[in-house]
Amino acid sequence: MRQPWRRWTLRTRLLLIGLLGLALAQAIGSVALYTALSVANQRAVDADAHATAAAVAELVSSGRLPATVPVTGTEMVQVVDSGAGS
């Protein structure tokens, strides 16, 4: 019994090889794009968190920390010191 792919014409086999190659390239590209965007998004979130922490630390060190810390968007800030429980 012959393999089924041997019954196909050369044009059909070449078309199939090309389509499989394009599908593989698209899959690899999709994974690479997802990974790159995930890393960029995580770095942006980390940078925003560090900037907020630096701003709050500046307020604390200058003695101008208000009772409610001003934040933007969905940020949440909690300031805890060693004398909070006493």
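Only one of these is part of a helix (DSSP H, G or I), surrounded by fewer than 11 Cβ atoms within 10 Å (Cβ to Cβ) and at pLDDT 85 or above: Leu16, Leu59, Leu20. Name it. So the residue among Leu16, Leu59, Leu20 that is part of a helix (DSSP H, G or I), surrounded by fewer than 11 Cβ atoms within 10 Å (Cβ to Cβ) and at pLDDT 85 or above is Leu20.
Just one of (1) part of a helix (DSSP H, G or I); (2) in contact (Cβ under 8 Å) with a residue 24 or more places away in the chain; (3) not charged (D, E, K, R) fails for Val77. It is (1). The single condition among (1) part of a helix (DSSP H, G or I); (2) among the charged types (D, E, K, R); (3) free of Cβ contacts under 8 Å to residues at least 12 places away in the same chain that Asp48 does not satisfy is (3). Going through (1) within 19 Å of the chain's Cα centre (by Cα); (2) at pLDDT below 85; (3) part of a helix (DSSP H, G or I) one by one, Trp5 falls short only on (1). Of the residues making up the stretch 19-70, those that are closer than 30 Å to Asp81 by Cα and of a type in the set (Val, Ile, Thr) number 6.
The values are calculated or read from the model by the stated rules, or taken from the named source; none is laboratory data. As the structure is a computational prediction, the values presented were derived from the model and not from experiment. Cβ sites come from the backbone with ideal geometry, for glycine too, and all protein chains shown count toward neighbours.
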